Number of protein chains: 2
Amino acid sequence: MSSRRNFIEKLTISAVGLPLLAHPTNIFATSEAPYQGPMLKVALMGLGSYAGRVAEAMQDCKRAKITGLISGTPSKITEWSEKYNVPKKSCYNYEDFDKIKNNPDIDAVYVITPNGLHKDQSIRVAKAGKHVICEKPMGINAEEGQAMVDACKAANVKLLIGYRMHFEPKTVAVIKMRKDGEFGKTKFFQGQSGFNIGDPTQWRLDKELAGGGAMMDIGIYSINGARYMLGEEPVWVTAQETKTDPEKFKEGVDETIQFQMGFPSGAVANCLSTYNMSNLDRFFMTGTDGFVEMQPSTGYGPIEGRTHKGPLTQPHVTHQTLQMDGVAALIFDGKQPIVPVDGEEGVKDMKIIDAIFEAVKTGGKVEIKI
Amino acid sequence: MSSRRNFIEKLTISAVGLPLLAHPTNIFATSEAPYQGPMLKVALMGLGSYAGRVAEAMQDCKRAKITGLISGTPSKITEWSEKYNVPKKSCYNYEDFDKIKNNPDIDAVYVITPNGLHKDQSIRVAKAGKHVICEKPMGINAEEGQAMVDACKAANVKLLIGYRMHFEPKTVAVIKMRKDGEFGKTKFFQGQSGFNIGDPTQWRLDKELAGGGAMMDIGIYSINGARYMLGEEPVWVTAQETKTDPEKFKEGVDETIQFQMGFPSGAVANCLSTYNMSNLDRFFMTGTDGFVEMQPSTGYGPIEGRTHKGPLTQPHVTHQTLQMDGVAALIFDGKQPIVPVDGEEGVKDMKIIDAIFEAVKTGGKVEIKI
């Protein structure tokens, strides 16, 4: 029933396999000496399948560790607290987690609950004085996102969004090439984000909990990708929705949306977001001096790609391991990733999603200011 | 200055080179015995660079030969008539070519002039009682196309459009797979058609002669490709134009257009047509049971591609050689290519182009009935 996991497995299989190291190389382990600095103490909120992936990845982290758990399901707390050695005193449910305020063993909470719950939960975490790491999409619209930004600012805590690709080595290398001008003037981005979603009863297909359908979950990869690949913010969007299965994809839950963006330089993007096609995960960008294609471009497994200069050869490291060590580096050292992962970055994507949904409704071009 | 030729050369270089046979395999030469049937006697009208490519390709044809020339440039007539052994009595200019009516050495005329001239010239050929082969786009709008269809019907001659891909072995193989259901239900087509056009004074950038810009010339490949890859006719289109160089791309001459189509089954297509990006020539189609990607997908050189079953391995044969032998087979034997190349097929693409231009203007969804 875990169709999302199946999707990811398929993507991984379809990738050209790079030999996996027994102990994945960690980009922060640049010297032989073991890391001696502080560890980011992270509580995981929402113990679903993606949190499981994060938890496993964090076992290889050098600068972050799991120190707390928040779940509405007592049996999960029992299971996870044993598995990850989290003491009962650092385990909470959705009613009492405000008490983390008094827990010195928690620096930050990674909110990995359904999208529709992110805003309130993140704000509660902020009010408890802990840094917020919130899975993407940060909320279900830009207004929610801005409220989260404001609350975290008021509480003087960081708000970081779960943009794991911003730490992925091949993606980082491509963004660096773009910043260094190796593609010349960027002109066109194309993103395909899709898979066949399974179980129709899952929260991802519930308007209240998901805030939408494929767009919120995976279309956002193409949105974010367009921005970091082209290096500009869009000024208009157009979008067309297609729904072939209105029973599975109810009112407000998008099945397939094609969307386009225009950028100040004249660059354009066209993207596909769908929950009703097999395994689409491809980025393509072309500029005046070169191109890049990545496929898979955002799946959990090894990213594969090439530019006009040849194949991308940066070694695969589990994305979430790099992400969480990167988050620790950001929080402790102020070290910024190549493109931001902060709340403001999240709000930009939410503004574009808002505009896409508006464009679907109006059928016309929606001007935006990011 | 021949930017189009440069484009094609680049595409060819970028393709994985298949060993070229000294004498390209001709799909009609299925037996050892030389072909004994009639030869299609073809006059070429408009002796530009593409006609040169057709003329060279026809040297390998088994069922078609060049028997006439029509040009407004006497020096070209002199040069070509010598090169291709065409007697002076079968050479004409644009004033007197109606006289082909009385020339038994001409069965058909291949109209390879600027788009804006196709309609009148094709109708004159039809009225002279000769079959019309007209380069794509057949005209500059659907109304012109329909007038051509009507005129050829009235004159009892065939009207065939220069859809060379309908004879190209890998394309034919993919269409056959689609017809055989090997992709399952087709769901999504993506076409990229683009190159950087050179000389700003060429007719392809003249609204009167070209009827538009990139869309007429190469966007039409993605339109036609969407139809033959998905196996359906679109019911709506949306489109967004971007113009970064209004000096080179004047009013009515499109530089970059993204367009989308929706199909009765719920399948969708998104396409890019541009004269202002480097070498984009890619088709991608996915269905419930498989996918195909072709890159280059419509260039003059070897097409390269793969499906879920593996690489496409059909040998490359010069497209125009196959096309002209195929046209002869159609005219003499009534043998239809895997998808039609007749005037009605051309009108369908023109209707879609009309709708795309309308969608650019209105900014909204344009419903169409093909």
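The values are calculated or read from the model by the stated rules, or taken from the named source; none is laboratory data. What you see is a predicted model, and the numbers here were worked out from it, not measured in a lab. Glycine also receives a Cβ, built like all others from the backbone with ideal geometry; neighbour counts cover every protein chain displayed.
Looking at this structure, is A:Val339 in a helix (DSSP H, G or I) and at pLDDT 95 or above?
It is false that A:Val339 is in a helix (DSSP H, G or I) and at pLDDT 95 or above.
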Could you tell me how many of the residues in region A:262-273 are among the polar types (S, T, N, Q) and either surrounded by fewer than 24 Cβ atoms within 10 Å (Cβ to Cβ) or under 17 Å from the mean Cα position of the chain (by Cα) (or both)? 2
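Please verify whether B:Gly162 is under 16 Å from the mean Cα position of the chain (by Cα) and closer than 22 Å to B:Ile100 by Cβ, treating the condition exactly as stated.
Working: under 16 Å from the mean Cα position of the chain (by Cα): yes; closer than 22 Å to B:Ile100 by Cβ: yes.
Criteria met by B:Gly162.
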Restricting to region B:115-142, count the residues that are of a type in the set (Asp, Glu) and in contact (Cβ under 8 Å) with a residue 60 or more places away in the chain. 1
Please specify each residue of region B:60-118 satisfying the condition of being hydroxyl-bearing (Ser, Thr, Tyr) and within 19 Å of B:Cys134 (Cβ to Cβ). B:Thr67, B:Ser71, B:Tyr92, B:Tyr94, B:Tyr110, B:Thr113
Working only within region A:231-262, note down all residues that are more than 18 Å from A:Phe357 (Cα to Cα) and in contact with a Gly (Cβ under 9 Å, 6 or more places away or on another chain). A:Asp245
Looking only at region A:152-173, which residues are in contact with a Lys or Arg (Cβ under 7 Å, 6 or more places away or on another chain) and free of Cβ contacts under 8 Å to residues at least 60 places away in the same chain? A:Ala155, A:Val157
Okay, helices (runs of 4 or more DSSP H) sitting entirely in region B:169-261 with 1 or more residues that are within 12 Å of chain A (Cβ to nearest Cβ) and surrounded by 18 or more Cβ atoms within 10 Å (Cβ to Cβ), I get B:220-230
Hits in region A:262-276 (condition: assigned to a strand (DSSP E or B) and either within 22 Å of B:Thr274 (Cβ to Cβ) or of a type in the set (Gly, Ala, Ser) (or both)): A:Gly262, A:Val268, A:Ala269, A:Asn270, A:Cys271, A:Leu272, A:Ser273
Pairs where the first residue, in region A:279-299, is more than 9 Å from every other protein chain (Cβ to nearest Cβ) and the second is among the charged types (D, E, K, R), C-beta under 6 Å, 6+ apart: A:Gln295/A:Arg282; A:Pro296/A:Asp281; A:Ser297/A:Asp281; A:Ser297/A:Arg282; A:Thr298/A:Asp281; A:Gly299/A:Asp281
Only one of these conditions is not met by A:Ile100: (1) assigned to a helix (DSSP H, G or I); (2) under 23 Å from A:Lys351 (Cβ atoms); (3) of a type in the set (A, V, I, L, M). Which number is it? (2)
Lone unmet requirement of (1) over 20 Å from A:Thr321 (Cα atoms); (2) in contact with a Phe, Trp or Tyr (Cβ under 9 Å, 6 or more places away or on another chain) for A:Thr171: (1)
Scanning for something among the basic types (Lys, Arg), more than 26 Å from B:Glu241 (Cα to Cα) and either at the interface with chain B (Cβ under 9 Å from one of its Cβ atoms) or surrounded by fewer than 20 Cβ atoms within 10 Å (Cβ to Cβ) (or both), does region A:306-325 turn up at least one residue? yes
Which one of the conditions (1) of a type in the set (Val, Ile, Thr); (2) within 18 Å of the chain's Cα centre (by Cα); (3) farther than 18 Å from A:Gly219 by Cα does A:Ile352 fail to meet, given that it meets all the rest? (3)
Just to be sure, is A:Val237 in contact with a Leu (Cβ under 6 Å, 6 or more places away or on another chain) and assigned by TED's automatic domain parsing to the domain that holds A:Met294? no
